[in-house]
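Step one of this worksheet: look at the structure below.
No value in this document is a laboratory result; all are computed from the given coordinates. No experiment lies behind these values; they were computed from the predicted model shown. FYI the Cβ positions are ideal-geometry reconstructions off the backbone, even for glycines, and counts take in every protein chain you see.
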Amino acid sequence: MRTIVLDCDPGLDDAVALMLAAADPHIELAAVTTVAGNQTLRKVTDNARRLAGLLGVTAPVAAGCGRPLVRTPAWSTVHGDSGLGGVTLTNDPVGLDPRHGVDLIIETVLAREAGVVTLVPVGPLTNIAMAVRKEPRIVEHVREVVLMGGGYHAGNRTAVAEFNILTDPEAAAIVFGEPWPVTMVGLDLTWQALATPAVLARIAAVGTAAAELVVAMLGSYGEAYRAHRFTEGPPVHDPCAVAYVIDPTLITTRRAPITVELTGTATLGMTVADFRDPEPDCSTQVAVDLDVPRFWDLVIEALRRLP
Ligand code: PIR
Ligand code: CA
């Protein structure tokens with residue numbers, strides 16, 4: 001059993017990550033925190049609370065940071081006005097935890113034995129950076145950080161920068177700069193997790209409310225993507241990070257130090273992975289290859305278990 005804090009900005013693929021975390025029997029979801037990213041903090045927090053209501057999530061949900069440390073935010077267009085593509089949730093939200101998201105992260109980590117809690121950030125890294133600055137003891141205390149963001153050969157916001165990292169590059173530099181184990185599940189990996197028509201048909205056949213929601217969300221998102229380069233179907237990024245925590249054999253990784261570019265003009269927000277001779281004590285690694293069939297089996301199994 002793995003205990004996680006999911007730090008997210010739902011976000012339609014964030015919603016799928018939350019479903020996987022809520023339903024997989026290997027995961028204890030200890031807390032959900034939100035961060036401005038795909039949409040405003042108000043919208044992504046509202047989405048997280050309604051998703052938690054729909055999925056029967058009992059973990060506390062708290063709102064974190066409403067803007068990046070330094071930069072001006074720009075919301076993601078593919079997630080639409082609501083943040084969930086064409087979908088607007090109208091079910092009852094769970095209550096909002098009164099703590100700030102950064103405090104909920106710190107308290108959840110320190111409430112458990114050292115080496116128990118894994119942080120799974122799938123949005124901009126603002127909350128994690130703030131938590132580490134406010135309470136540096138969490139670095140020693142967490143088991144590991146498994147994040148969705150970046151890429152070693154790929155960008156989506158620019159030629160070389162990924163959305164979550166580019167939204168708050170200074171926060172990312174803080175997170176990659178600490179000596180805790182970090183696995184970067186970046187675009188090189190998540191562009192293998194495509195919601196093809198065959199995958200969507202399998203999800204539609206599940207029949208639960210959660211599965212119906214996934215089909216509705218990915219439908220609108222897929223159209224936006226097909227117009228560009230993903231003709232087979234849109235990539236579903238965030239559940240890949242949760243899947244790695246559940247079953248690390250789904251993803252092969254490569255050890256490399258990672259530096260976040262903070263001063264480049266054409267390369268701001270690039271995650272530069274240095275594959276030359278990593279030191280044996282290198283604490284960072286990048287995700288390389290996904291076992292695609294087993295990944296979708298895992299997601300679909302989770303959708304079956306949900307309401
Ligand atoms: C996905 C995202 C942002 C922009 C696009 N075009 C697609 C969000 C996802 O929620 C994921 O966490 C990450 N940012 C992928 O870049
Ligand atoms: Ca996200």
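Segment 58-152 gives an Rg/Rh value of 0.99, both radii derived from C-alpha positions and Rh following Kirkwood.
Here is what passes the span test in the chain: the DSSP H helices with alpha carbon length of 18 Å or more along the helix axis and a Kyte-Doolittle mean of 0.5 or above are 209-226. With Cα atoms as the point set, segment 1-119 shows a radius of gyration and Dmax of 13.8, 42 Å. Put simply, when 163-171, 135-143 are sorted by average Cβ atoms within 10 angstrom per residue, most first, you get 163-171, 135-143. Tally Lys and Arg at +1 and Asp and Glu at -1 over the other residues with C-beta under 11 Å from the C-beta of residue 57: what net charge comes out? That sum, taken over residues with Cβ under 11 Å, equals +2.
For the chain, the fraction of alpha-carbon pairs lying more than 34 Å apart is 12 percent, rounded to a whole number. By DSSP, the beta bridges lying fully in the chain are antiparallel in about 30 percent of cases. Overall, the chain carries a charge dipole of about 460 debye about its Cα centre when +1 sits on the Cβ of Lys and Arg and -1 on the Cβ of Asp and Glu, all other atoms neutral.
The charge dipole of segment 125-269, taken about the Cα centre with unit charges on the Cβ atoms of Lys, Arg (+1) and Asp, Glu (-1), comes to about 100 debye, rounded to the nearest 20.
Reported to the nearest whole Å, the Cα centre-to-centre distance from segment 65-98 to segment 135-169 is 19. Using the Cα coordinates of segment 233-290, the gyration tensor eigenvalues translate into equivalent-ellipsoid semi-axes of 23, 18, 9 Å, sorted from longest to shortest.
With q set to 0.13 Å⁻¹, the log10 of I(q)/I(0) for segment 152-307, from the Debye formula over equal scatterers at the Cα positions, is -0.67.
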